[in-house]
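Here is the structure we will look at, set down as structure tokens.
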Amino acid sequence: MAILNLDGSIAAEHSAAAGKNRFVHLMPVLSFLLESAQIDLQEIQCLGVALGPGSFTGLRVGLALTKGLAHALDIPLVGVPSLMAVAAQAAPTDLPVMPLLDSRRDEFFTALFKAEKNGGIVRLAPDRAVKADDLPACLKTPVLLIGNDFHRQAPLAEKNPKGWAVPALPHEWGIRASGAGRLALERFLAGDTDDPRALGPLYLRPPDIRPPADSVRAGSDLHAAVSEGH
């Protein structure tokens, strides 16, 4: 979560590794950032939110929070594709930028962008989910690789064929709220905002929702008991 000034500078930012029950800290973190930046909530002029792809729960919680705040404060809302936000963190380069987000299925959410010298970011290919071993085959030219896990993802550049990717500098990796905020701010200043009612998460596949094993066993036992009762 981050607060940006209208000139694009960062007033306050908080980053935390994903973990259990992390969502319960969202409002305390917001209060902390407002206090740190010495800004009143009523002074916020626009809200930005990452749309995904990513964690199903995280995307829903983030959208619900920002939509609620935007409605309560009567201010605009801007949605930012998560892969575009990660790509925008890379320094200007002549190489196409390939952002990676771990999808937890031995594959990655990815896309292709061009990072311009003026700080702009231009999409070259749509978001998609790709197996790690298939990444080089998706490309016709070498790319700059950047993602949300340097230690796990940067070594992918060593896969065959050699030279298919060059990792971005380590400090550019990660998912930063200020990165998505910068893109949202640019759109807001250009008068380009979203209709909160139409704004939804960017999913690349249906959720993998399964009941806990104990629940499945309990349900099977109950079904067997009912059948035997009949």
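The values are calculated or read from the model by the stated rules, or taken from the named source; none is laboratory data. Bear in mind the structure is a predicted one, so any value in this text is a computation, not a measurement. Methodologically, a virtual Cβ is constructed for each residue, glycine included, from the backbone with ideal geometry; neighbour enumeration extends over all protein chains shown.
Sort out for me the helices (runs of 4 or more DSSP H) sitting completely within segment 132-230 that have 3 or more residues that are modelled with pLDDT of 90 or more.
The helices (runs of 4 or more DSSP H) meeting that bar are 150-153, 177-189.
Go through segment 47-79 and report how many residues are assigned to a loop (DSSP other than H, G, I, E, B) and touching a Ser or Thr at 6+ places or on another chain (Cβ under 7 Å).
Final tally of qualifying residues: 5.
What's the number of the only condition in (1) of a type in the set (Asp, Glu); (2) outside any strand (DSSP E or B); (3) touching a residue at least 40 places away in the same chain (Cβ under 8 Å) that ASP127 fails to meet?
For ASP127, the failing item is (2).
Within segment 85-100, take every residue that is at pLDDT below 95 and either surrounded by 22 or more Cβ atoms within 10 Å (Cβ to Cβ) or aliphatic (A, V, I, L, M) (or both) and give me the one that is farthest from the chain's Cα centre (by Cα).
My answer is ALA91.
Looking at ARG152, is it under 30 Å from LEU199 (Cα atoms) and either exposed (fewer than 14 other Cβ atoms within 10 Å of the Cβ) or within 19 Å of the chain's Cα centre (by Cα) (or both)? Walk me through it before giving the result.
Values: under 30 Å from LEU199 (Cα atoms): no; either exposed (fewer than 14 other Cβ atoms within 10 Å of the Cβ) or within 19 Å of the chain's Cα centre (by Cα) (or both): yes.
In short, no.
Given the criteria touching a Lys or Arg at 6+ places or on another chain (Cβ under 7 Å), closer than 15 Å to PRO81 by Cβ and touching a residue at least 40 places away in the same chain (Cβ under 8 Å), does ALA177 qualify?
Taking the combined requirement at face value, the residue does not satisfy it.
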